[in-house]
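**Q** Structure below; questions to follow.
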Amino acid sequence: MPGTPSVLFICVKNAGKSQMAAGLMKDLAGETVDVRSAGTKPGTALNARSAESLAELGIDISAETPKAVTDEAMRAADVVVTLGREAAVTVPAGTRYETWDTDEPSERGIEGMDRMRLVRDDIQRRVRELHRDLTGAEGA
């Protein structure tokens, strides 16, 4: 849709954090934001705990698969967001770029679903802020 902002979420494997961000943004934004996700070195399958953590919120990303970052996707995005410290990309000139240094509970000894919920909640807070910034909406 013309005038619809486009966001590309990127992490290394496109199996966890970037898929979670995309799922959260799609759920929040609906048709108001065009959302994609990709990885710099895509994995082979979605992280099951990532999908489970979103399912707890009623968001189903289980049909998603890891995808590679493409030049076309980078050029089409108004905003490129890398999640975590390891994904590195060269963003086209004029494209807004953000790096989200997301919470990593495993560094504090928190693992399993407790870890994934904390990661999800951190990403959800950032997605809400980005959505408000892009649309001016006061989403949930």
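**Q** For the condition free of Cβ contacts under 8 Å to residues at least 24 places away in the same chain and more than 20 Å from VAL12 (Cβ to Cβ), what is the one hit in ARG132, ARG128, ARG85?
**A** Unique residue meeting the criteria: ARG132.
**Q** Let me ask something else. Report those helices (runs of 4 or more DSSP H) wholly inside region 1-115 carrying at least 1 residues which are within 22 Å of GLY136 (Cα to Cα).
**A** It comes to 17-29, 71-76.
**Q** So which residues in region 14-27 are buried (at least 21 other Cβ atoms within 10 Å of the Cβ) and not polar (S, T, N, Q), if there are any at all?
**A** The answer is ALA15, GLY16, LYS17, MET20, ALA21, ALA22, GLY23, LEU24, MET25.
**Q** So ARG132 ticks every box in (1) part of a loop (DSSP other than H, G, I, E, B); (2) basic (Lys, Arg); (3) at pLDDT 95 or above but one. Which box is left unticked?
**A** (1)
**Q** Which pairs do you get when a residue that is in contact (Cβ under 8 Å) with a residue 12 or more places away in the chain, found in region 97-110, comes within reach of a residue that is part of a loop (DSSP other than H, G, I, E, B) and surrounded by 15 or more Cβ atoms within 10 Å (Cβ to Cβ), reach meaning Cβ atoms under 7 angstrom, with the pair 6+ apart or on two chains?
**A** What qualifies is TYR97/VAL91; THR102/GLY84.
**Q** Looking at (1) at pLDDT 95 or above; (2) closer than 19 Å to ARG125 by Cβ, can you tell me which one GLU107 breaks?
**A** It fails just one condition, (1).
**Q** Restricting to region 40-93, and then to whatever is open to solvent by less than 60 Å² (accessible area, probe 1.4 Å) and hydroxyl-bearing (Ser, Thr, Tyr), can you tell me which residue is nearest to MET20 (Cα to Cα)?
**A** The residue in question is SER50.
**Q** Then there is this: Does GLY30 satisfy being open to solvent by less than 80 Å² (accessible area, probe 1.4 Å) and under 15 Å from GLU86 (Cβ atoms)?
**A** No.
**Q** Another question, if that's okay. How many residues are more than 15 Å from the chain's Cα centre (by Cα) and open to solvent by 50 Å² or more (accessible area, probe 1.4 Å) when one looks only at region 116-140?
**A** Total meeting the criteria: 6.
The values are calculated or read from the model by the stated rules, or taken from the named source; none is laboratory data. For clarity, every value in this text was computed on a predicted model and none was experimentally measured. Heads up, the Cβs are rebuilt from the backbone with ideal geometry, glycines too, and the neighbour counts pull from every protein chain shown. For accessibility, only protein heavy atoms count, side chains too; no ligands or nucleic acids. Shrake-Rupley method; radii C 1.70, N 1.55, O 1.52, S 1.80 Å.
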